[in-house]
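Here the structure is laid out as structure tokens; the discussion comes afterwards.
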Amino acid sequence: GQGMCNNTWQIITESNDKYVIKQARLDQEEDEQNDLLLEAKIIQRLNQKNPSLPVPRLLFITENPTMYAYHYISGNLMQEAWQHLSAAEKNSLCKDLAKFHYELGRTLSLEEAHDLGIFVNAASALEAETEADVKTFLMDVNIPKKYKAIVEAMYETYCSTQDQAFLA
């Protein structure tokens, strides 16, 4: 399909192997926050770290045209599966994702991030725009209290851990 910055194709072979090819669009509709080559390098490095959650295995990376391909990981998209999960399953999934993020932070050093071309914002405070969004969300009378409680808990967690480095 065509995204705002990239084209993506899924290829299914006669033996039912699935692959994905991502190619940078020449006529991007908005500025990309990172390029596909950086994205591919990150995926490649993550595979070397053996994370607890699956990471696509790359087949190739090219610079001209800017593209890469990987083995497709079967499963449902979270946005589709979420509504069908029980509260316990959602909680378990969130814990698995938190563990994965923690592992990444512990296995990818600041130097490795820099070598890959990743900018690490070491600022300990929320960006002003994000902080304003949180406050606006919490003041909105149309948002149910249970959702506000989740955002408040997230905000409190962030504030209580903001002096801890994301990357080791």
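Once fully extended, how much extra length lies between D35 and S86, figured as 0.36 nm per residue of separation less the alpha-carbon to alpha-carbon distance? Don't skip to the answer; put the middle values down first.
Values: separation 51, 0.36 × 51 = 18.36 nm, distance 3.64 nm.
So the chain would gain 14.7 nm between D35 and S86.
Let me cross-check K22: its accessible surface, 1.4 Å probe, with only protein heavy atoms counted, in Å² to the nearest 10?
Looks like 40 Å² after rounding.
Can you tell me, using C-alpha contacts under 8 Å and at least 6 residues apart, the relative contact order of segment 1-118 as a whole percent? List each step's numbers first, then the result.
Values: 128 pairs, mean separation 26.0, N = 118.
Relative CO of segment 1-118 lands at 22 percent.
The values are calculated or read from the model by the stated rules, or taken from the named source; none is laboratory data. Quantities reported herein were computed from a predicted structural model and do not represent experimental measurements. When the accessible area is computed, the model is the full protein with side chains, heavy atoms only, and any ligands, DNA or RNA have been set aside. Shrake-Rupley method; radii C 1.70, N 1.55, O 1.52, S 1.80 Å.
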